[in-house]
1. Note down the relative contact order for the stretch 1-67 as a percent, whole number, built from C-alpha pairs under 8 angstrom at least six residues apart.
2. Between THR69 and LYS43, what's the calculated FRET efficiency when r is the beta-carbon distance and R0 is 35 Å? Round to 0.05.
3. Which whole-number percent is the relative contact order of the chain (Cα, under 8 Å, 6+ apart)?
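What follows draws every value from the coordinates through simple rules; no lab data is involved. Worth saying up front: this structure is predicted, and the values here are computed from it rather than measured. Glycine also receives a Cβ, built like all others from the backbone with ideal geometry; neighbour counts cover every protein chain displayed.
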Amino acid sequence: QVQLVESGGGLVQVGGSLRLSCAASGRTFSSLAISWFRQAPGKERSIVAGISRSGTSTYYVDSVKGRFTISRDNAKNTVYLQMNSLKPEDTAVYYCAADSIPNGRTEYDYWGQGTQVTVSS
């Protein structure tokens, strides 16, 4: 069993920055590939960024490229999402999700509770 807890959300002005954290327990953290998703009001949940187990590969949705950076610190069992140059359209609940099985197929079998990010103009 893996438990994921997000933190770091809040209210920020346009152009500001936030750093989200996803802390994991219950499993060897280095065995987890982790992605960040977000869900805005009235919209479907969609992927924002992802990072491989080794940290050598990352993925970003086009709308956040150049503004967001995903990283991991396996010694602290934590994945981060640094969000810069925030825009109102970044407003959403942000979730982290883990793929615990290194079988070559991306399957998010664990999810956190979410943290609210609100970007105000």
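1. Across the stretch 1-67, relative contact order equals 22 percent.
2. 0.90
3. 35
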